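Colleague: Below you will find the structure I want to go over with you.
What follows draws every value from the coordinates through simple rules; no lab data is involved. Because the structure is predicted, anything quoted here is derived from the model rather than measured. Here the Cβ positions follow ideal geometry from the backbone for every residue, glycine too, while neighbour counts run over all protein chains shown.
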Amino acid sequence: MQNNNLIPTEKENLWSAFLNGEPDISDFSNIEAEENSHLTSVWESAGTHFSFSAADPDKAWVNLQNKLTKPHNNLIIRSIYSRIFKYAAMLVVVAGIGFAAYHISQTPAKVINLPVKMAVIETESHPSSLTEVTLPDGSIVKMNADTRIEYPVSFRGKVRKVKLSGEAFFKVTRDTLHPFLIETSNASIEVLGTSFNVSAYRLSDLVEVNVESGKVRLTQNVDGKPVSKSAILPAGERGWIKTANGEIGHIEILAPNYSSWITKKINFQRTPLSEAFLILENTYHVKIKMENTEIGKIPYTANFADLKLDYIIEVIARTHKLKAERGNDGIVFSKIMN
């Protein structure tokens, strides 16, 4: 019987004698007697039902030795499995992180539609000075009288959009990824980066754009939606939409006085007085009336640069022998009879 030194020889002989019914219980020391209480379970673990008559020590010890050495092998196997499980767990964690990252990158972010805070600027009918606004993107807007502009306090999305009623000069910060869009009641103007003047008063049937630099697209709007009619306006061109009949056109020349409301520089070249008076109204924010329509047909040529309105009115009246009277409602021209 080979015990591989797992159980001392004297213990083996003593237990064999006990299992064969040879010694008396008094032959055991106190410590050994305590060990006898475990002997039955050990013997049964070896595969032999505890019985003095059925005891086969040699066979039992072989089985017992195998039982005692098996846990050692199991320990080694469990150690190997433990390492395998450890690395497998690490791989699962890494794979899980990678999958989560991929899933997050491929899953569209949930869009929270927060209300956009809007800013509204309105000018007076007779402003003492021009109103200038700097938009969130750095674009600069100069506003004429009776003009309203509405824009978000922060541009979000692919388009920088503002709403305009009246007249304004825009100097737009260039941003090719975020086009700049101006909406009026009857037209929309799309730009990338340029400077231009837009006139789109609410009660007027004309939308006019004069482009100083860059390029813009002028599109007709019907019921607030763009239609197929549009015109591309490069620098130095003037475009317009007549809202009454939907006519859209452009010409390779700027309107001579499109920026007079800013510069106070006016150029009349055989300009009918009816048109000249409209330019003066827009520049100096005053109403000018004619006593009869024949006055409006008179052509007028003159240049004025940053002059007082009263002086200009007096020059026009003297040149064509007209009488100009200023009242609470504005200025009224009448013809002096010969």
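Colleague: Taking other Cβ within 10 Å of each residue's Cβ, how do Val211, Val153 sort, fewest first? Don't skip to the end; give the middle numbers.
Modeller: Details: Val211 26, Val153 10.
Result, fewest neighbours first: Val153, Val211.
Colleague: Let me ask something additional. Explain nothing, just the number: relative contact order of the range 118-251, from Cα pairs under 8 Å at least 6 residues apart, as a whole percent.
Modeller: Numbers: 354 pairs, mean separation 21.1, N = 134.
It comes to 16 percent, rounded to a whole number.
Colleague: Another one. Give me the extension gain from Lys265 to Ile251: residue separation times 0.36 nm, minus the current Cα-Cα distance, reported in nm with one decimal. Mind dumping the intermediate values first?
Modeller: On the way: separation 14, 0.36 × 14 = 5.04 nm, distance 2.19 nm.
Gain on extension, Lys265 to Ile251, equals 2.8 nm.
Colleague: For a footprinting-style exposure proxy, rank Tyr258, Tyr201, Tyr311 by other Cβ within 10 Å, fewest first. Write out the running numbers ahead of the final one.
Modeller: Details: Tyr258 23, Tyr201 19, Tyr311 10.
Placing the least packed residue first, the sequence is Tyr311, Tyr201, Tyr258.
Colleague: Among Phe333, Phe196, which comes first, then next, by fewest other beta-carbon atoms within 10 Å?
Modeller: Details: Phe333 22, Phe196 28.
Starting with the residue having the fewest Cβ neighbours, the order is Phe333, Phe196.
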